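The values are calculated or read from the model by the stated rules, or taken from the named source; none is laboratory data. Because the structure is predicted, anything quoted here is derived from the model rather than measured. Here the Cβ is made from the backbone with ideal geometry for all residues, glycine too, and neighbour counts use every protein chain on show.
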Amino acid sequence: MSLAENTEIRGGQGQVLDPETYRDSIGTMEQSGKRKWVFPKKPKGKYTNYRTIVAYILLAIYLIVPFIKINGNPFLLLNVIDREFFIAGQPFYPQDFFLLTLGAIVGLVCIIIFTIAFGRIFCGWICPQTIFLESVFRKIEFAIEGDRNKQMKLDRQEWNAEKIWKKSLKWTIFFLLSLVFTHFMMMVIVGYEEVFKTVAEGPFAHPTNFIVIMLFTAAFYFVFAWFREQVCTLVCPYGRLQGVLIDKETINVFYDYKRGENRAKWRKGEDRRAVGKGDCIDCFQCVVVCPTGIDIRDGQQLECVNCTACIDACDEVMVKVGLPKGLIRYASEKEIETEKPTQFTGRMKAFMILLVALQMFLGFLIYNRGDLEAKFIKPAGSTFFVRDGLITNTYSYTFLNKSNDKKTLTIKVIEPAHGEIIYSGSSKITVEKDKIAKGTISITFPEKEMNLSKQNITIGVYDLKGNLVDSYDTYFEGPFNLQF
Ligand code: SF4
Ligand code: SF4
């Protein structure tokens with residue numbers, strides 16, 4: 001039986017509501033549809049501290065990653081415009097698009113599996129939206145405008161000197177931070193050298209970069225200065241998917257309604273159990289601290305980003321009144337219902353194995369994608385010619401060197417035998433690392449070896465030690481009237 005079925009539910013001001021009516025509206029919107037601005041109380045406690053540490057580590061990674069190089073390659077570069085991609089220093093090309101697509105699908109499946117088992121831990125601990133909002137912008141807001149009550153008072157008061165300078169200072173810092181974070185985002189797209197050049201040489205020398213940076217800055221500022229939690233509650237597709245991903249065994253931030261109800265105000269010295277009261281003292285600390293403006297005691301809600309602020313707030317209250325911590329905690333609905341602690345179930349183990357297997361599969365594909373990609377294409381309109389008992393076809397070759405070393409290569413016909421290569425230049429073709437070499441070769445076969453007008457052949461590309469580096473299957477044309 002759920003909380004809604006089990007108890008009477010109260011709204012934000014403690015009034016009794018019909019079960020489930022809280023699902024009829026969202027916490028950040030008035031009945032009229034007007035936005036209700038959320039002034040969350042500054043969170044503090046064990047989980048907040050851990051989350052802050054994780055957030056700062058991830059922010060440091062965000063600021064450092066654009067400058068990391070591996071063997072001269074950027075650690076991460078996602079240049080969509082020039083179709084240049086580097087992940088963990090490994091170049092990926094449009095030819096590797098299937099790997100990136102597969103990686104994205106595997107990533108999505110991993111997120112889904114992880115969510116089914118562990119809920120929205122990603123939202124609360126790792127999501128850039130939460131990290132930037134709660135660990136950067138909100139902290140600056142607390143520092144300038146003070147905690148919840150002071151912010152509400154400032155919001156209500158007229159535009160006097162205090163309000164003007166506090167709001168101006170906050171918005172100026174927000175804008176400058178948006179500008180800085182956007183530059184780092186841009187470094188992941190075009191590389192830090194290009195961003196430095198844009199900054200040094202000015203917008204007129206690099207108008208495209210400048211316009212993109214300004215658009216990103218505006219979007220960044222809009223999201224963190226104004227739109228805020230609405231990204232999670234109204235826009236984010238991952239948030240919207242929660243309804244179909246989680247079930248009764250999913251771990252999430254939960255209010256233990258069996259222990260907490262019937263909620264009632266705290267009276268010193270009272271034996272709450274004896275008078276039929278639960279452990280919730282109805283202090284609303286879990287509500288005022290919530291950055292998405294919901295009451296977790298209403299039950300699991302799509303708006304909850306599992307930020308843990310309500311866990312810390314309630315634990316602090318429980319300590320003050322001498323009751324056990326954990327009235328709000330990480331738990332599954334089943335655990336609350338059955339009052340038995342969550343176990344590391346067979347389902348979770350199976351999900352973990354599946355997650356590891358998927359990662360290994362992707363790793364295997366990436367490891368085996370090869371250092372060189374060779375292609376031999378017959379130029380459009382080209383055919384064959386016969387001279388001195390030899391049939392000749394021409395091919396354009398493209399060698400893409402995906403490794404971190406320069407390669408010198410030769411070409412041989414693997415199948416069928418007796419094919420000869422005629423190079424238009426040197427027989428040793430050099431391809432610099434991360435570069436493409438293009439050229440033309442001709443292949444000849446003795447007339448008597450070719451008994452089809454269109455015969456499949458395999459061309460091999462070898463290094464100077466004679467090792468086969470890549471091969472390519474194509475076809476060889478001959479006169480139509482040859483014997484079959
Ligand atoms: S209900 Fe609790 S965990 Fe969920 S968003 Fe609000 S404060 Fe964070
Ligand atoms: S903080 Fe804890 S005790 Fe206070 S209202 Fe929330 S659940 Fe009840």
### Query
Across the stretch 301-338, which residue is farthest from ligand 1 (Cβ to nearest atom) among those that are of a type outside the set (K, R), out of contact with any Phe, Trp or Tyr (no Cβ under 9 Å at 6 or more places or on another chain) and within 29 Å of L234 (Cα to Cα)?
L302
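How many residues are assigned to a strand (DSSP E or B) and either in contact with a Pro (Cβ under 6 Å, 6 or more places away or on another chain) or within 14 Å of K465 (Cα to Cα) (or both) when one looks only at the stretch 409-428?
Going residue by residue through the stretch 409-428, those that are assigned to a strand (DSSP E or B) are 409-415, 420-423.
From the residues that got through so far, the ones that are either in contact with a Pro (Cβ under 6 Å, 6 or more places away or on another chain) or within 14 Å of K465 (Cα to Cα) (or both) too are 409-412.
Adding up the residues that qualify gives 4.
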### Query
Is there any pair with a first residue in the stretch 148-161 that is aliphatic (A, V, I, L, M) and a second that is in a loop (DSSP other than H, G, I, E, B) and surrounded by 10 or more Cβ atoms within 10 Å (Cβ to Cβ) whose Cβ atoms are under 7 Å apart and which are 6 or more apart or on different chains, and what are they?
M152/F39
#### Entry: Among (1) within 22 Å of V288 (Cα to Cα); (2) surrounded by 16 or more Cβ atoms within 10 Å (Cβ to Cβ), the one test that K153 misses
(2)
### Task
Tell me, yes or no, whether the stretch 157-179 has at least one residue that is within 26 Å of N73 (Cα to Cα) and surrounded by 17 or more Cβ atoms within 10 Å (Cβ to Cβ).
no
### Task
Identify all residues within the stretch 363-398 that are among the basic types (K, R) and part of a strand (DSSP E or B); write none if there are none.
K375, R387
### Message
Based on this model, can you work out whether P341 counts as more than 16 Å from ligand 2 (Cβ to nearest atom), more than 22 Å from D147 (Cβ to Cβ) and part of a loop (DSSP other than H, G, I, E, B)?
### Response
yes
### Task
Could you tell me whether S382 is more than 31 Å from the chain's Cα centre (by Cα), exposed (fewer than 11 other Cβ atoms within 10 Å of the Cβ) and either at pLDDT below 90 or charged (D, E, K, R) (or both)?
no
### Task
Tell me the helices (runs of 4 or more DSSP H) entirely within the stretch 77-165 that contain at least 1 residues that are away from ligand 1 (no atom under 16 Å from the Cβ) and assigned by TED's automatic domain parsing to the domain that holds M360.
97-118, 128-132, 138-145, 148-156
### Message
With the requirement that a residue be free of Cβ contacts under 8 Å to residues at least 24 places away in the same chain and either of a type in the set (A, V, I, L, M, F, W, C) or over 30 Å from W37 (Cβ atoms) (or both), what does the stretch 93-139 give you?
### Response
P94, F97, F98, L100, T101, A104, I105, G107, L108
### Message
With the structure loaded, tell me whether C232 is in contact (Cβ under 8 Å) with a residue 40 or more places away in the chain, part of a loop (DSSP other than H, G, I, E, B) and under 38 Å from the mean Cα position of the chain (by Cα) or whether it fails that test.
### Response
no
### Task
Keeping to the stretch 177-196, report how many residues are under 19 Å from E134 (Cβ atoms) and without any contact (Cβ under 8 Å) to a residue 24 or more places away in the chain.
1
### Summary
Here the residues within the stretch 325-334 that are touching a residue at least 12 places away in the same chain (Cβ under 8 Å) and either in a helix (DSSP H, G or I) or within 12 Å of ligand 2 (Cβ to nearest atom) (or both) are G326, L327, I328, R329, E333, K334
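Look at the stretch 363-379 and say how many of its residues are surrounded by 12 or more Cβ atoms within 10 Å (Cβ to Cβ) and modelled with pLDDT under 80.
Of the residues in the stretch 363-379, 4 are surrounded by 12 or more Cβ atoms within 10 Å (Cβ to Cβ) and modelled with pLDDT under 80.
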### Task
Would you be able to say whether some residue in the stretch 438-459 is in contact with a Leu (Cβ under 6 Å, 6 or more places away or on another chain), outside any loop (DSSP other than H, G, I, E, B) and modelled with pLDDT under 90?
no
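Take the conditions more than 15 Å from ligand 1 (Cβ to nearest atom) and modelled with pLDDT under 95 and apply them to G293. Does it pass? Before the answer, list the steps.
On the way: more than 15 Å from ligand 1 (Cβ to nearest atom): no; modelled with pLDDT under 95: yes.
For G293, the condition - more than 15 Å from ligand 1 (Cβ to nearest atom) and modelled with pLDDT under 95 - is not met.
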### Message
Being touching a residue at least 12 places away in the same chain (Cβ under 8 Å), in the same structural domain as K41 (by TED's automatic domain parsing) and touching a helix residue (DSSP H, G or I) at 6+ places or on another chain (Cβ under 7 Å): is that true of T345 here?
### Response
no
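From T430, T398, T410, T474, grab the single residue that is over 40 Å from the mean Cα position of the chain (by Cα) and among the polar types (S, T, N, Q).
Values: T430 fails: over 40 Å from the mean Cα position of the chain (by Cα); T398 fails: over 40 Å from the mean Cα position of the chain (by Cα); T474 fails: over 40 Å from the mean Cα position of the chain (by Cα).
Testing whether each residue is over 40 Å from the mean Cα position of the chain (by Cα) and among the polar types (S, T, N, Q) leaves just T410.
Only helices (runs of 4 or more DSSP H) wholly contained in the stretch 236-318 count here; list those with 1 or more residues that are buried (at least 23 other Cβ atoms within 10 Å of the Cβ) and within 16 Å of ligand 2 (Cβ to nearest atom). Show your work before the answer.
Working: elements: 237-245, 257-260, 285-288.
Fully inside the stretch 236-318 and qualifying: 257-260, 285-288.
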